[in-house]
Amino acid sequence: MGTERTLSIIKPDAVQRNIIGDIETRIEDAGLLIVAAKMLRMSRVQAGNFYEMHQKKSFYDDLVAFMTSGPVVVQVLEGDDAIDRYRKVMGATTFGDAEPGTIRAEHATSITKNAVHGSDSKKNAKREIKFFFAEHEIFSRT
Ligand code: CMP
């Protein structure tokens, strides 16, 4: 618990479907502050490195291909218990298991095309935030 930061990615499927605003509203309605944001297109090397922990998994190549297929919005979210709080807003990763009312229940169309990513632990949040943002690109809003 306590104030935390987490990394969010609005994935290419959600950007393509023009639902960035819907996702931002859910983030803000959950009481999370957006303290850094940028739109970018990941290179294959960048996506491969970001998901390096999944390198041996059967879905790795499809995941990298998808994540590089179009622009994404990467953001740092801040708030009390931000990591778990954002995971509740996103819903379960497994397609079909996301709780009603969550981003993935409303917008995921497969386990790969699942609209959003959020860090799953404090350690990974730190690594993922550093992967995309320098400290001076993250703003204090409190
Ligand atoms: P994300 O939170 O970005 O972390 C890894 C991603 O791999 C996950 O969301 C899914 O989009 C994708 N993925 C594809 N297949 C699987 C799978 N079988 N299990 C877990 N993640 C998968």
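The values are calculated or read from the model by the stated rules, or taken from the named source; none is laboratory data. Fair warning: this is a prediction, and the values are worked out from it, not measured in the lab. We place every Cβ from the backbone using ideal geometry, glycine too, and count neighbours over all the protein chains shown. Only protein heavy atoms, including side chains, enter the accessible area calculation; ligands, DNA and RNA are left aside. Shrake-Rupley method; radii C 1.70, N 1.55, O 1.52, S 1.80 Å.
Describe numerically, in nm with one decimal, the distance between label points set 7 Å from Cα along Cα→Cβ at Asn124 and at Leu40.
About 2.0 nm separates the two model spin labels.
Would you work out if the range 33-142 is rounded, prolate or oblate? Take a ≥ b ≥ c from the square roots of the eigenvalues of the alpha-carbon gyration tensor; rounded if a/c is under 1.5, else prolate when a/b is larger than b/c, oblate otherwise. Intermediate values should be presented prior to the final figure.
Values: a/c = 1.72, a/b = 1.13, b/c = 1.52.
Note, shape of the range 33-142 comes out oblate.
To make sure I understand the rule: partners must be lysines, Cα under 18 Å from the Cα of Lys126, and not fewer than 8 residues away in the same chain. Which ones qualify?
Lys38
Per residue, what accessible area does the range 1-128 have, given a 1.4 Å probe and all protein chains present, in Å²? Intermediate results must be reported in sequence, preceding the final value.
Working: 6400 Å² over 128 residues.
Here the per-residue accessible area is 50 Å².
Could you tell me what percent of the accessible area of the chain is made up of carbon and sulfur, with a 1.4 Å probe and every protein chain present?
On the chain, the fraction of accessible area on carbon and sulfur atoms equals 51 percent.
Enumerate the helices in the chain for which the Kyte-Doolittle hydropathy averages 1.0 or more and the C-alpha atoms extend at least 15 Å along the helix's axis, using complete DSSP H runs. Kindly include the intermediate steps, with their values, before the conclusion.
Values: long enough: 122-132 (16 Å, -1.38).
Qualifying helices, which must be both long enough and hydrophobic enough, do not occur.
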